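Right, one structure below, let's go through it.
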Amino acid sequence: MTDPAPPTDRLANGTFAPGNPGKAKGTRWKQSRAAEQLLEGESEALTRKAIEMAKAGDTTALRLCLERLVPARKDRTIEFELPSVTTAADHPIALGAILSGVATGEITPAEAHALSGVLEQHRRALETADIDERLRAIEERQNG
C-alpha cells in the first residue's frame, strides 16, 4: 500500500510550500469558538459566581478575580531624570543622559532602548510639525 500524496499546500517533508500563507491572521481554533458559543450570555452569572466563591474563601477564585481587577504589570516605571526636551536641539543632550544612565547602572540597556524610542517618536513629531509649518509658509507665499 502506498502513502497518500501530501496535501497540495505542503511539501513532501511536511513543511508548507513557498508562498502558502498558512492560516489567515486572526483565525481562531474550533475549540475556542465552541467555548465562546457555550458561554454566550453566561458571563454575568459566571462572574457573579466567581466573586461569591472568592468571598467565601476559595483562593483560586480569589486569585482569578484579583488577576482580572489588577493585572500583572508587564513593565515597570522607569525612575530616571531626563533633561527637558522641547526642541530637536535637546535630543543629543537627552540621549547623552540615557547613555550615562546605562554606563552607571542607573537604568538597564532595555530601559534605555525604551526611552530612546520615546525620544525618537518625539523627534518625528517635531520634524512633522516643522515640515507642516514650512509647507504652510510656502503655500502662503505662493497664494499671497
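The angle between the Cα long axis of helix 59-69 and the longest principal axis of the Cα atoms of the chain comes to about 40 degrees, rounded to the nearest 10. Extents of region 88-143, largest first, come to 56, 16, 7 Å (Cα atoms, principal axes, whole angstrom). Within the listed set R68, R33, R48, the Gaussian network model of the chain (springs between alpha-carbon atoms below 10 Å) gives the highest mean-square fluctuation for R33.
Note on the chain: with a GNM built from Cα contacts shorter than 10 Å, the maximum mean-square fluctuation among A114, A61, A34 falls on A34.
Calculated mean residue ellipticity at 222 nm for the chain: -19000 deg cm²/dmol, from DSSP H runs with n ≥ 4 weighted as -39500 (n - 2.57), summed, divided by the residue count and rounded to 500. For the chain, the relative contact order is 10 percent, taking Cα pairs closer than 8 Å that sit 6 or more residues apart in sequence and dividing their mean separation by the residue count.
Please determine, in degrees from 0 to 90 and to the nearest 10, the orientation of helix 109-143 with respect to the longest principal axis defined by the Cα atoms of the chain, where the helix direction is its Cα long axis. So the inclination is approximately 60 degrees. Close amide-amide hydrogen proximity is noted between R10 and A17, each under 5 Å apart and 5 or more residues distant or on a separate chain (H modeled in the peptide plane; Pro and chain starts excluded). If you line up the long axis of helix 91-104 against the longest principal axis of the chain, both from Cα atoms, how many degrees apart are they, to the nearest 10? Around 60 degrees separate the two axes. In the set (1) 1.92; (2) 1.17; (3) 1.00, which value of Cα Rg over 2.2 N^0.38 Å was calculated from the structure you see? Matching entry in (1) 1.92; (2) 1.17; (3) 1.00: (1).
Here, each number is a calculation from the coordinates, and none is a lab measurement. As the structure is a computational prediction, the values presented were derived from the model and not from experiment.
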